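Chemist: This structure is in structure tokens; I'll ask about it shortly.
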Amino acid sequence: MQTNNRVLLGMSGGTDSSVAAMLLMDAGYKVTGVTFRFYEKDNNTEYLDDAYNLCQSLGIRHITYDLRDKFKEYIIDYFIKEYMLGRTPVPCTLCNNYLKWPILKEIADREGIYHIATGHYVQKTLCDGYWHIKSGTDPDKDQSFFLWGLPQDIMERMILPLGNITKARVREIAAERGFMKASIKKDSLGVCFCPMDYRSFLRKNVNPESIRPGIFCDEDGNNIGKHEGYPFHTIGQRRGLGIYMNKALFVKEILPEENKVVISDKLSSLEHTEMWLTDWNIINPEALLGKDDVIVKIRYRKQANRCTVTMTDDGLLHVKLHEPLAAIAPGQAAAFYRNNIVLGGGIINK
């Protein structure tokens with residue numbers, strides 16, 4: 001693929017990708033917008049119209065790409081399976097690393113377009129010959145945590161026009177240029193296919209016999225109450241347990257085979273000083289492995305802890321935490337940083 005001034009922009013029909021299109025045009029790029037059909041709740045396709053109308057107003061080409069079958073297979077089915085295994089899935093991470101960005105590149109290759117772009121609030125930087133994702137300027141919107149799995153051939157071609165501006169400024173730009181609908185659109189929150197409550201989503205999409213009432217027990221195995229189904233709980237959960245005691249309670253462990261959820265009244269009992277990762281991606285092993293100044297995050301915008309990362313003989317990443325960390329849940333993602341630069345990441349196995 002030869003470098004050119006053409007860019008394929010992922011357009012959701014929302015504020016961010018709309019303004020990204022404007023900024024790319026300002027910078028002299030010939031923009032093509034592509035809207036992925038991932039999931040359409042209640043067959044609502046208003047987002048397709050919004051993206052198309054925005055492209056028409058800007059005078060740029062717009063295409064749609066139907067990924068509903070792949071999205072179900074790679075994201076929704078995975079999401080359900082992980083909860084049924086008593087794990088905590090990370091669908092947005094997998095979607096970005098294994099679906100959205102790779103297919104953007106695939107379409108761009110087919111169209112003869114070199115650059116690929118989105119409205120993500122992240123930046124990229126070149127360190128020691130390797131491209132890295134870097135945190136966005138707006139700390140409240142930074143999305144770097146979700147992009148640890150991207151390969152070099154994708155990052156090299158990425159343009160990230162919103163990485164160095166704030167969401168407030170993005171809304172101002174849309175308003176200043178007369179795109180009032182885009183300027184006031186609400187941000188999407190949570191998982192796109194079940195933004196409010198994943199429990200009701202599971203009930204609708206899982207065999208009813210697979211989710212049955214079970215037992216809450218304490219760390220000594222004593223029965224302390226009933227739950228409606230172990231998939232409805234995650235490690236570290238405090239609210240919504242339905243157990244009423246005169247103290248805080250936390251989910252410590254989930255036992256799918258026994259349909260039990262272990263509860264502790266001590267947050268310290270949920271603390272660990274190490275974890276192991278599968279499905280990992282390391283951008284530059286020399287910058288990560290064995291270093292003692294690496295930061296690991298296991299939640300978006302929360303809990304940054306120093307750690308040392310090594311490789312085990314069986315191909316896992318071993319993460320030794322310098323301080324105990326509570327509520328490490330199998331299935332979650334872990335992302336590694338130094339100076340706001342993403343060094344890699346993986347999926348927590350244990």
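The values are calculated or read from the model by the stated rules, or taken from the named source; none is laboratory data. As the structure is a prediction and not an experimental result, all values here were calculated from the model. All Cβ positions, glycine included, derive from the backbone under ideal geometry; neighbour counts span all protein chains shown. Remember, those area values only see protein heavy atoms, side chains included, never the ligands or the DNA or RNA. Shrake-Rupley method; radii C 1.70, N 1.55, O 1.52, S 1.80 Å.
Chemist: Can you classify segment 253-350 as rounded, prolate or oblate using the Cα gyration tensor, where a ≥ b ≥ c are the square roots of its eigenvalues, rounded means a/c under 1.5, and otherwise it's prolate if a/b beats b/c and oblate if not?
Modeler: Prolate, since a/c reaches 1.5 and a/b exceeds b/c.
Chemist: I've got another one for you. Tell me, what are the semi-axes, in whole angstrom and largest first, of the equivalent ellipsoid of segment 151-196 as set by the roots of 5 times the Cα gyration tensor eigenvalues?
Modeler: With the √(5λ) rule applied to segment 151-196, the semi-axes are 24, 20, 9 Å.
Chemist: Could you state the angle between the C-alpha long axis of helix 46-58 and the longest principal axis of the C-alpha atoms of the chain, as a value from 0 to 90 degrees rounded to the nearest 10?
Modeler: Tilt of helix 46-58: around 30 degrees.
Chemist: Here's a follow-up. Please report, to two decimal places, log10 I(q)/I(0) for the chain at q = 0.10, 0.13 Å⁻¹ as given by the Debye formula with identical point scatterers on the Cα atoms and no solvent.
Modeler: -0.68, -1.08
Chemist: Moving on. Using a 1.4 Å probe on the protein chains only, how many percent of the accessible area of the chain belongs to carbon and sulfur?
Modeler: Percent of accessible area from carbon and sulfur atoms in the chain: 47.
Chemist: If you line up the Cα atoms of segment 141-260 on their principal axes, what length do they span on each, largest first, in Å?
Modeler: Answer, in whole Å and largest first: 61, 36, 33 Å.
Chemist: Tell me, rounded to the nearest percent, the portion of alpha carbon pairs in segment 294-348 spaced more than 19 Å apart.
Modeler: Result: 19 percent of Cα pairs exceed 19 Å.
Chemist: Which of the pairs LYS81/LYS185; LYS30/LYS100; LYS81/LYS124; LYS260/LYS350; LYS141/LYS181 have their Cα atoms more than 28 Å apart in this structure?
Modeler: Among LYS81/LYS185; LYS30/LYS100; LYS81/LYS124; LYS260/LYS350; LYS141/LYS181, the Cα-Cα distance tops 28 Å for LYS81/LYS185; LYS81/LYS124.
Chemist: Taking every pair of distinct Cα atoms and averaging 1/r, then inverting, what Kirkwood hydrodynamic radius in Å comes out for segment 231-301?
Modeler: Taking the inverse mean of 1/r over all distinct Cα pairs, segment 231-301 comes out at 15.3 Å.
Chemist: Could you state the accessible area per residue of the chain in Å², with a 1.4 Å probe and every protein chain left in place?
Modeler: 49 Å²
Chemist: As a test of the definition: which semi-axes, in Å, follow for segment 206-252 when you take the square root of five times each eigenvalue of its alpha carbon gyration tensor? Largest first, please.
Modeler: Equivalent ellipsoid of segment 206-252: 20, 12, 9 Å, largest first.
Chemist: Follow-up question, since we're still on this one. Cut-off under 20 Å on the C-alpha distance; same-chain residues fewer than 8 positions from LYS247 excluded. Which lysines are left, in chain and number order?
Modeler: LYS247 reaches LYS226, LYS266.
Chemist: Where does the Debye-calculated log10 I(q)/I(0) of segment 90-216 sit at q = 0.19 Å⁻¹, using only Cα point scatterers of equal weight, no solvent?
Modeler: Here the Debye-derived log intensity ratios amount to -1.15.
Chemist: About the Cα centre of segment 209-249, how large is the charge dipole given +1 on each Lys and Arg Cβ and -1 on each Asp and Glu Cβ? Please answer in debye to the nearest 20.
Modeler: Around 220 debye, computed over segment 209-249.
Chemist: In nm, to one decimal, how far is the ARG203 label point from the ASP66 one, both placed 7 Å along Cα→Cβ?
Modeler: With each label placed 7 Å out from Cα toward Cβ, I get 3.2 nm.
Chemist: Separate question: Using a basic spin-label model with each label point 7 Å from the Cα along Cα→Cβ, how many nm lie between LYS181 and ASN246?
Modeler: Here the answer is 5.8 nm between the modelled labels.
Chemist: Taking every eigenvalue of the Cα gyration tensor of segment 1-110, multiplying by 5 and rooting it, what semi-axes result, largest first, whole Å?
Modeler: 29, 16, 11
Chemist: So what's the net charge close to ARG6: Lys and Arg +1, Asp and Glu -1, counting the other residues with Cβ under 9 Å from its Cβ?
Modeler: Local charge sum for ARG6: 0.
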